[in-house]
1. If I filter the stretch B:129-156 down to residues being touching a Phe, Trp or Tyr at 6+ places or on another chain (Cβ under 8 Å) and within 14 Å of chain A (Cβ to nearest Cβ), which single residue comes out as surrounded by the fewest Cβ atoms within 10 Å (Cβ to Cβ)?
2. Identify the residue in the stretch A:1-14 that is β-branched (Val, Ile, Thr) and away from ligand 1 (no atom under 11 Å from the Cβ) and, among all such residues, is surrounded by the most Cβ atoms within 10 Å (Cβ to Cβ).
3. Would you mind stating whether residue A:228 is in contact (Cβ under 8 Å) with a residue 12 or more places away in the chain, in contact with a strand residue (DSSP E or B) (Cβ under 7 Å, 6 or more places away or on another chain) and either more than 12 Å from ligand 1 (Cβ to nearest atom) or not polar (S, T, N, Q) (or both)?
4. Mind checking whether some residue in the stretch B:172-186 is assigned to a loop (DSSP other than H, G, I, E, B), within 14 Å of chain A (Cβ to nearest Cβ) and either crowded, with 24+ Cβ neighbours inside 10 Å or modelled with pLDDT of 90 or more (or both)?
5. Looking only at residues that are part of a helix (DSSP H, G or I) and within 16 Å of ligand 1 (Cβ to nearest atom) in the stretch A:30-55, which one is farthest from the other protein chains (Cβ to nearest Cβ)?
6. Got a sec? Which helices (runs of 4 or more DSSP H) wholly within the stretch A:139-216 have at least 2 residues that are more than 16 Å from ligand 1 (Cβ to nearest atom) and free of Cβ contacts under 8 Å to residues at least 12 places away in the same chain?
7. Please determine whether any residue of the stretch A:68-81 is over 30 Å from residue A:188 (Cα atoms), touching a residue at least 12 places away in the same chain (Cβ under 8 Å), within 16 Å of ligand 1 (Cβ to nearest atom) and not small (Gly, Ala, Ser).
8. Looking at (1) within 14 Å of chain A (Cβ to nearest Cβ); (2) out of contact with any Asp or Glu (no Cβ under 6 Å at 6 or more places or on another chain), which is the only condition residue B:225 fails?
Amino acid sequence: MAKIVVVTSGKGGVGKTTTASSFATGLAKRGHKTAVIDFDVGLRNLDLIMGCERRVVFDFVNVISGEANLKQALIRDKRVENLYILAASQTRDKDALDEEGVERVLNEMAKDFEYIVCDSPAGIEKGALMAMRFADEALVVTNPEVSSVRDSDRVLGMLGSKTKKAESGGSVKEHLVVTRYAPSRVGKGEMLSLQDVGEILAIPLLGVVPESEAVLNSSNSGMPVILEEHSNAGLAYEDLVARFLGEERPLRFVDAKRGLFGRLLGRH
Amino acid sequence: MMTLSVLEVNSPDLEEVSAEVSRQIERSPGFFENMPLLLHTRAAEIDLPALVAFLRTRGLVPLGLVAPSPEQEQAAVAAGLGVLKDARNMRPENQPDGDDAGETDTEAAAPAGGAEEAPPPGSGTKLVDKPVRSGQQVYARGGDLIVTAPVSEGAEVIADGHVHIYGALRGRAIAGARGDSKARIFCRKFEADLVAVAGCYKVADDIDPSVRGKPVRISLDGESLIIDVQE
Ligand SMILES: Nc1ncnc2c1ncn2[C@@H]1O[C@H](COP(=O)(O)OP(=O)(O)OP(=O)(O)O)[C@@H](O)[C@H]1O
Ligand SMILES: [Mg+2]
């Protein structure tokens, strides 16, 4: 039976899709058969970042409605073995995600995959609810700023009350992922520190991904940044996947590089 | 011993009363759900059947009219309400006294202040050992609330008795929600949006910044909330 992992945040544009694509790719690279599903019906971003947008014939909604079967809709990644993508429909809206249909498709996939990664849309409405509904674990993606942290807090409340796991007396295992972290801006007080974020959300930290140009470059070229093995963001995602699978890895890229002036002025 | 809430209706204007009740309910969603209620009014002209119908649509359960005038008595019976001739008989002995047995009118703009009742002594304590997140509300009806984790900004914790938070309080905390003025709030790290005891409240802006981040005890002294730092 597959483990279902939702990547969620509440606030939009914080790096869910970036995280879901690299996380799924990282799991697959380590030999785990993994599927990543785009729940952002109507927008469709995941296939762009995964670089398979030109191979989409059928999508998640087609499978839910029975217009296509899973075999037809799952797109095999060309670079990484064991990795499959289920794209979102661009022509439908979130009402197409009916709960029974989503459950049926996930159950069918669960027989065949080790991990199913659900890329949630922003917000706390139906699409986000369906993405987390059947999750076993959650990556809560947060940027180090007040509104993002607050939305993540809200989403943690939903994970604790609106998921199948929570309703049946269990709990979704929660992991904090802080992205777009810029240590120098934290030093200047323009961003919350890791400690602030951790204290407010009070869940274990799985990874910190630095603000990095490599993310934009790689998504423009349709490649999850984790495959960019020389970028800090790629390495941070690599660490994150390793920790998720139980390895111990120290945090990297969380301290500001000290420029000459910083040192002369005795900052930090 | 049984306790019941009394809704004090001081205006004959149904629209005004409805708006006020709705405000109270929206402020504390869930708090009033299916709450049995007695009505008391000096406004003889109020349209009782309409008021009762309105309260039911908002999830309240009006049971009877307290100490009605003879005309009101007839109207109450017609509206399907019971009639309680003397409100004093309904009060538990340990009712915190003072301002005319703590009647709260619908104008009282305090969170969860639309009804009043004393918590029954020795009743259950509610223990929450997970963070209370933004958008969530926890209510310990008839007793104390203990939270062993943080209460987030945008979350609300309410007790008829005391509220104890063994963590940071960043949201709202309301103790003595049904009028117990001896109720207190304790927390390890005080960063609250709002605190209230027995309907008397303070918002973050009105709180001395020097107590922020400190462990505190909050109690009611007459009409004012006292926030004591407990190092
Ligand atoms: N670590 C990072 N460094 C720099 N830019 C980043 C980083 N992570 C994400 N971004 C950029 O932020 C933008 C939003 O990222 P992404 O699409 O992953 O967010 P999202 O949470 O999925 O958004 P939505 O809520 O719209 O689905 C993109 O332009 C992406 O390139
Ligand atoms: Mg996205």
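1. B:148
2. So the first thing to find is which residues in the stretch A:1-14 are β-branched (Val, Ile, Thr), and the list is A:4-8, A:14.
After this cut, where a residue has to be away from ligand 1 (no atom under 11 Å from the Cβ) as well, the list is A:4-6.
On the way: A:4: 26, A:5: 25, A:6: 29.
Checked the stretch A:1-14; the qualifying residue surrounded by the most Cβ atoms within 10 Å (Cβ to Cβ) is A:6.
3. Working: in contact (Cβ under 8 Å) with a residue 12 or more places away in the chain: yes; in contact with a strand residue (DSSP E or B) (Cβ under 7 Å, 6 or more places away or on another chain): no; either more than 12 Å from ligand 1 (Cβ to nearest atom) or not polar (S, T, N, Q) (or both): yes.
No.
4. From the stretch B:172-186, those assigned to a loop (DSSP other than H, G, I, E, B) are B:176-184; that's our starting set.
Applying the additional criterion that residues be within 14 Å of chain A (Cβ to nearest Cβ) yields none.
There is no residue in the stretch B:172-186 that is assigned to a loop (DSSP other than H, G, I, E, B), within 14 Å of chain A (Cβ to nearest Cβ) and either crowded, with 24+ Cβ neighbours inside 10 Å or modelled with pLDDT of 90 or more (or both).
5. The first filter runs over the stretch A:30-55 and keeps only residues part of a helix (DSSP H, G or I), leaving A:46-49, A:53-55.
Keeping just the survivors that are within 16 Å of ligand 1 (Cβ to nearest atom) gives A:46-49, A:53.
Details: A:46: 27, A:47: 32, A:48: 31, A:49: 29, A:53: 35 Å.
Among those that are part of a helix (DSSP H, G or I) and within 16 Å of ligand 1 (Cβ to nearest atom), it is A:53.
6. Details: elements: A:146-159, A:164-167, A:183-187, A:194-201.
Here the list reads A:164-167, A:194-201.
7. So in the stretch A:68-81, the residues over 30 Å from residue A:188 (Cα atoms) come out as A:68-81.
Restricting the remaining residues to those that are touching a residue at least 12 places away in the same chain (Cβ under 8 Å) gives A:70, A:72-75, A:77-81.
If we keep only those that are within 16 Å of ligand 1 (Cβ to nearest atom) as well, we get none.
Taking every residue of the stretch A:68-81 in turn, none turns out to be over 30 Å from residue A:188 (Cα atoms), touching a residue at least 12 places away in the same chain (Cβ under 8 Å), within 16 Å of ligand 1 (Cβ to nearest atom) and not small (Gly, Ala, Ser).
8. Here residue B:225 meets the rest and fails (1).
The values are calculated or read from the model by the stated rules, or taken from the named source; none is laboratory data. All of these numbers come straight from a predicted model, not from anything done at the bench. FYI the Cβ positions are ideal-geometry reconstructions off the backbone, even for glycines, and counts take in every protein chain you see.
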